[in-house]
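Structure first, then comments.
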Amino acid sequence: MKVPLVQKLWRSGLEMKNKEYLLYGGSGHAKVIVECIDANQGTVAGIFDDNPDLDGLGDIPFLGEYRKEIHTHPLIVSIGDNKIRKKIVEHVRALFGSIQHPSACVSPSAEIGEGTVIIHSAILQVDCKLGRHVILNSGASVGHECILGDFVHISPQATLCGNVKVGEGTQIGAGATIIPGINVGNWVTIGAGAVIIRDVPDYAIVVGNPGRIIRYYEPHNKFWPFGASLRIK
């Protein structure tokens, strides 16, 4: 996992303060990111979205479908769904921004990839490595030396203890806990409130305390709907 470093700029505040951004996605997650940008005295110049019925957010203009010729400011993909976020990033492939709410506690030694969003009151401890386009949601806690792959989403109030590794595209549910040293695979879903005490393989869906695998996603299904695309364990 290559991590384009933005952390040094974050320490000085030069990366985020008084900066103008564009967003891709105009749903509820975008509202949270707008507040993070506002808290850094930044502004949002406009929002791209494929939904033609979207009018924008407040006084932020709606720009319609993505157009490269008007992509003139750093772009944040403001969509919580990991699969859709990855699809958009692969389509855009340029000029991404990152944002961190001032209330978040981020170690100076943490490495943070482009496009990553760290929301209100999140904690990122010493020597952590976050990939590209990660979401560290409100009140989430990531312990020392954790490694998070690209397009990971750590939901509100989830806790990763020290030396946890999380693979690409994985969703850690709200209030879940992962004990130290656990490896969680790619495109895993950890249910809300689950307690993970052993390693989790790719594409698993895990719930409960202690966490148990209830089924697997089929990795070659584009959108992984429930039904025939699931294998039951």
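Annotations for the structure displayed:
Condition check ((1) more than 17 Å from GLY26 (Cα to Cα); (2) in a loop (DSSP other than H, G, I, E, B)) across all residues:
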| position | (1), (2) |
| --- | --- |
| LEU63 | no, no |
| TYR66 | no, yes |
| THR72 | yes, yes |
| ILE76 | no, no |
| ILE79 | no, yes |
| LYS83 | no, no |
| VAL89 | no, no |
| SER103 | yes, yes |
| SER109 | yes, yes |
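- If the condition is being in contact with a Lys or Arg (Cβ under 9 Å, 6 or more places away or on another chain) and small (Gly, Ala, Ser), then the stretch 134-157 contributes only GLY149.
- Extreme residue, surrounded by the fewest Cβ atoms within 10 Å (Cβ to Cβ), among residues of the stretch 149-169 that are within 11 Å of the chain's Cα centre (by Cα) and among the aliphatic types (A, V, I, L, M): VAL152
- Here VAL200 does not qualify as outside the structural domain of ASN82 (by TED's automatic domain parsing) and closer than 30 Å to ASN40 by Cβ.
- Matching option when the condition is at pLDDT 90 or above, surrounded by fewer than 16 Cβ atoms within 10 Å (Cβ to Cβ), among the polar types (S, T, N, Q) and out of contact with any Asp or Glu (no Cβ under 7 Å at 6 or more places or on another chain), among GLN41, GLN100: GLN41
- Selection count, the stretch 91-101, where residues are part of a loop (DSSP other than H, G, I, E, B), touching a residue at least 60 places away in the same chain (Cβ under 8 Å) and closer than 11 Å to GLY115 by Cβ: 2
- Scanning the stretch 170-181 for residues that are crowded, with 19+ Cβ neighbours inside 10 Å and either in the same structural domain as LYS86 (by TED's automatic domain parsing) or of a type in the set (Val, Ile, Thr) (or both) gives THR170, ILE172, THR177, ILE178.
- Taken as a whole, the condition of being of a type in the set (S, T, N, Q) and in the same structural domain as ILE190 (by TED's automatic domain parsing) does not apply to SER78.
- Among the residues making up the stretch 170-182, those that are under 18 Å from the mean Cα position of the chain (by Cα) and without any contact (Cβ under 8 Å) to a residue 40 or more places away in the chain are ILE172, GLY173, ALA174, GLY175, ALA176, THR177, ILE178.
- Selection of first residues in the stretch 21-36 that are free of Cβ contacts under 8 Å to residues at least 12 places away in the same chain and of second residues that are surrounded by fewer than 21 Cβ atoms within 10 Å (Cβ to Cβ) and among the aliphatic types (A, V, I, L, M), restricted to Cβ pairs under 9 Å at least 6 apart or on distinct chains, gives an empty result.
- Count - residues of the stretch 3-30 that are surrounded by 14 or more Cβ atoms within 10 Å (Cβ to Cβ) and either at pLDDT 80 or above or among the hydroxyl-bearing types (Ser, Thr, Tyr) (or both): 11
- GLY46, sole failed condition from (1) among the small types (Gly, Ala, Ser); (2) in the same structural domain as ALA176 (by TED's automatic domain parsing); (3) closer than 15 Å to LEU22 by Cα: (2)
The values are calculated or read from the model by the stated rules, or taken from the named source; none is laboratory data. Treat the numbers as computed from the prediction; the structure is a model and nothing was measured. Using ideal geometry, Cβ is built from the backbone for each residue, glycine included, and neighbour counts are taken over all protein chains shown.
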